[in-house]
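So the structure is just underneath, and the comments pick up after that.
The values are calculated or read from the model by the stated rules, or taken from the named source; none is laboratory data. If you're wondering where the values come from, they're calculated on a predicted model, not measured in any experiment. As a convention, Cβ positions derive from the backbone with ideal geometry for all residues, glycine included, and neighbour counts pool all protein chains shown.
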Amino acid sequence: MKKFLSCVLGLAMAISALGTSAYAADAEVESEIVYNQTFTQPASVNDLSKDTAGVFEANPAISYDAAKGAVVYDGWASRGAWLLPESVNVADFVMEADISYKKKDNYANTGIGFGFVFDYQDSNNSSWIAYYPLNDDAKGNVNKYDAIAGTVTGRNAEKGRGSSLLLAEDTPVHLKLIVNKGLIEFFVDGELTYTYYSPDDSRATTNIAANQRANNYAKSGRLGIFSQADKVQLTVDNVRVRTVGTKDIAYYSNAFIDPNMEFKFSSFSKLSSYFPNDTFSKGSWGVSTYQGSGWSNIGQYITVPVSGDYMIDVDFSMNNPLNATRWMGIAFGINANEDGTMTYNAAGIHENGTMFLTQKAVTYDSSTETYTDNNISGAQAVYGDCISTISADKKNADYDGETNEYFLSYKPADYTYVDIADVISKRHKMRITVVDGVASFTFGGKTISCEIDTNETDGYVGLRSAGTASEVYSVRVAPYYVDEPVVELDTTMEFNYTDIGSESALADIIVNDDLNLVDENSRVIVAVYDNGKLVGTDIQPVDDEITYLEAIYDTVSDTSGLTIRAFLWDMVTGKPLAADIIPE
């Protein structure tokens with residue numbers, strides 16, 4: 001087993017075929033906002049510039065919707081690109097936006113797609129990724145240098161399995177794209193729906209069809225909004241671009257999207273009947289089948305060693321409910337020992353809602369050449385249940401209180417009971433966090449924790465189960481972080497200098513335009529008052545974020561009653577872009 005694990009270490013660089021990546025995360029990495037647009041003013045629409053040539057030939061009208069406080073435009077069947085300012089040009093980034101769609105009266109039952117453009121060099125040298133709410137999937141273009149060639153089909157929403165990807169009209173969906181050192185992750189309302197890893201151009205044809213060449217997306221390029229929605233009005237709001245922070249880093253990320261990718265993890269051991277190496281199969285679009293044989297314990301691990309504090313997220317469904325002895329879980333801290341044993345920690349959920357968190361060891365008997373998987377004597381272990389937290393639609397309608405009934409499922413209203421194995425599976429999420437050697441397992445709104453006092457938490461991670469047939473939608477391993485809210489930015493101004501004299505008042509004003517509201521129609525206005533009565537003004541455009549003004553007025557013998565205020569104004573709409581200020 002030690003020899004096998006050493007071989008795995010040598011294969012760590014081959015993880016790109018799984019859509020994976022590994023990074024160091026020794027300290028918290030702060031994220032910095034480089035662009036933030038909430039479209040609170042008509043002038044904010046001027047941030048977007050259309051590309052109407054090449055691949056992005058669409059030329060739809062764009063306008064500002066004051067009622068929605070957002071930008072709206074009519075989509076075309078052809079692709080369209082709305083680019084952010086050239087100054088927003090980053091290699092590793094996170095881009096987010098809230099987008100909704102509304103079919104127009106002459107909608108012709110054509111596709112609807114919207115998302116992001118990134119690594120934009122020109123119309124024929126850029127990449128895009130989009131969410132298609134009517135096709136129930138996410139798609140991404142991975143052919144930068146011949147972009148017309150097509151897209152890669154993304155996750156199948158699997159309507160019967162409780163997917164969150166379906167989207168109704170006039171319902172904003174939050175899209176997030178992370179591009180970090182070649183790893184692409186696309187989230188739809190918080191669900192990982194697309195993963196792609198392209199470490200460098202040398203992988204031009206590795207495990208990828210000829211018309212889907214992988215390239216390094218870490219190159220700097222312009223960003224923008226993507227559209228492909230004929231006779232559909234799209235509404236875009238809350239566009240934000242920021243640098244990559246700790247919470248955006250992934251050691252491993254796989255949404256099981258691309259059929260040209262390899263679906264299998266590495267197996268725990270090629271020698272043990274307890275851990276067969278044929279656990280995974282390709283399943284269907286956007287999901288990998290995880291199939292146990294009989295009552296055997298099975299498992300596979302990811303060829304990325306993880307250390308320190310980290311978290312593991314698995315999106316899955318069970319589809320072979322029999323009784324409480326079947327379970328699906330996460331293994332972590334997997335290590336081979338000098339004595340030929342293998343230790344690991346396991347957390348899982350039984351099909352009746354019972355949770356557990358244990359420390360385990362696989363021992364080898366050379367006389368019988370057999371492996372045995374046991375809990376470690378004296379090690380910490382915790383158990384609990386999440387039965388009370390599981391919603392009614394995920395429970396067996398015929399549940400009679402016995403522990404061997406299947407909870408993690410739902411049954412349609414017209415279902416006729418035949419056997420509990422016929423209920424429909426429901427998608428679930430499970431999470432492990434490891435912080436200072438304490439592991440916490442969360443499922444169905446309940447958390448159980450255990451101090452790992454015998455095994456280590458450093459090592460490999462993977463999936464672990466007993467005789468369970470499951471569908472795995474995504475697996476993500478990332479550094480642990482505390483999810484602090486992103487600070488909302490604003491367009492503000494402040495006095496840098498003021499001098500109020502008897503005949504005029506001077507002012508230097510610094511404008512911090514974090515919302516990108518300032519344009520050629522913007523003006524800074526300085527007003528001088530004598531005991532509340534307006535006596536002089538000056539109006540100037542913003543110059544390099546600093547504006548120099550001089551308000552001239554009739555000679556005042558007593559300047560003690562003079563005060564000065566400043567305003568940032570949109571001269572077209574007649575509305576302020578920032579609150580007026582008075583120097584302290």
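Scanning region 533-553 for residues that are touching a residue at least 24 places away in the same chain (Cβ under 8 Å) and assigned to a loop (DSSP other than H, G, I, E, B) returns V542, E545, Y553. In region 70-87, the qualifying residues are those that are touching a helix residue (DSSP H, G or I) at 6+ places or on another chain (Cβ under 9 Å) and outside any strand (DSSP E or B), and the one that is farthest from N36 (Cα to Cα) is R79.
State which residue is farthest from K575 (Cα to Cα) when the search covers only region 42-57 and only residues that are of a type outside the set (S, T, Y) and over 28 Å from the mean Cα position of the chain (by Cα).
Keep residues of region 42-57 that are of a type outside the set (S, T, Y), which gives 42-43, 45-48, 50-51, 53-57.
Keeping just the survivors that are over 28 Å from the mean Cα position of the chain (by Cα) gives 42-43, 53-54, 57.
Working: P42: 10, A43: 11, A53: 35, G54: 38, E57: 35 Å.
Per the criteria, the residue is G54.
Going through S78, S87, S126 one at a time, which residue ends up being under 23 Å from the mean Cα position of the chain (by Cα) and polar (S, T, N, Q)? Let's see the steps before the verdict.
On the way: S78 fails: under 23 Å from the mean Cα position of the chain (by Cα); S87 fails: under 23 Å from the mean Cα position of the chain (by Cα).
Answer to the check: S126.
When restricted to residues that are under 13 Å from L577 (Cα atoms) and of a type in the set (V, I, T), region 500-559 contains 5. Within region 197-205, not a single residue is touching a Ser or Thr at 6+ places or on another chain (Cβ under 6 Å), under 15 Å from A130 (Cα atoms), part of a strand (DSSP E or B) and at pLDDT 50 or above.
Selection of region 50-62 for residues being in contact with an Asp or Glu (Cβ under 9 Å, 6 or more places away or on another chain) and assigned to a strand (DSSP E or B) yields D51, I62.
Hey, could you check region 298-326 for residues that are part of a strand (DSSP E or B), modelled with pLDDT under 85 and of a type outside the set (G, A, S) and say which is nearest to G444 (Cα to Cα)?
Among residues in region 298-326 that are part of a strand (DSSP E or B), modelled with pLDDT under 85 and of a type outside the set (G, A, S), the one nearest to G444 (Cα to Cα) is M318.
Report whether or not F39 is within 24 Å of the chain's Cα centre (by Cα), part of a loop (DSSP other than H, G, I, E, B), over 30 Å from P305 (Cβ atoms) and not hydroxyl-bearing (S, T, Y). Yes; evaluated as a whole, the condition is true for this residue. Any residue that is touching a helix residue (DSSP H, G or I) at 6+ places or on another chain (Cβ under 7 Å) and either closer than 29 Å to S44 by Cα or at pLDDT below 85 (or both) - is there at least one of those in region 528-548? No: zero hits. Among the residues of region 355-373, which ones are among the β-branched types (V, I, T) and modelled with pLDDT of 90 or more? Residue satisfying the conditions is T358 alone.
Inside region 522-541, residues that are closer than 18 Å to D570 by Cβ and either surrounded by fewer than 17 Cβ atoms within 10 Å (Cβ to Cβ) or among the hydrophobic types (A, V, I, L, M, F, W, C) (or both) make up a count of 8. The set of residues in region 374-405 that are at pLDDT 70 or above and in contact with an Asp or Glu (Cβ under 8 Å, 6 or more places away or on another chain) comprises A379, Q380. Note on region 481-507: among residues that are within 27 Å of P85 (Cα to Cα) and among the acidic types (D, E), the one that is surrounded by the fewest Cβ atoms within 10 Å (Cβ to Cβ) is E488. For region 450-467, state whether one or more residues are at pLDDT below 90, of a type in the set (D, E, K, R) and outside any strand (DSSP E or B). No: region 450-467 contains no residue that is at pLDDT below 90, of a type in the set (D, E, K, R) and outside any strand (DSSP E or B). If the condition is being crowded, with 16+ Cβ neighbours inside 10 Å and over 30 Å from the mean Cα position of the chain (by Cα), then region 340-357 contributes T341, M342, T343, N352. Hey, could you check region 493-525 for residues that are in a strand (DSSP E or B) and more than 27 Å from I552 (Cβ to Cβ) and say which is nearest to the chain's Cα centre (by Cα)? Looking at the filtered set, the residue picked out is D513.
Within region 220-235, the residues that satisfy the criterion of being under 23 Å from D92 (Cα atoms) and either of a type outside the set (G, A, S) or surrounded by fewer than 24 Cβ atoms within 10 Å (Cβ to Cβ) (or both) are S220, G221, R222, L223, I225, F226. Does at least one position in region 461-479 carry a residue that is loosely packed, with under 15 Cβ neighbours inside 10 Å, more than 28 Å from E351 (Cβ to Cβ) and in contact (Cβ under 8 Å) with a residue 60 or more places away in the chain? The answer is no, given that none of the residues of region 461-479 is loosely packed, with under 15 Cβ neighbours inside 10 Å, more than 28 Å from E351 (Cβ to Cβ) and in contact (Cβ under 8 Å) with a residue 60 or more places away in the chain.
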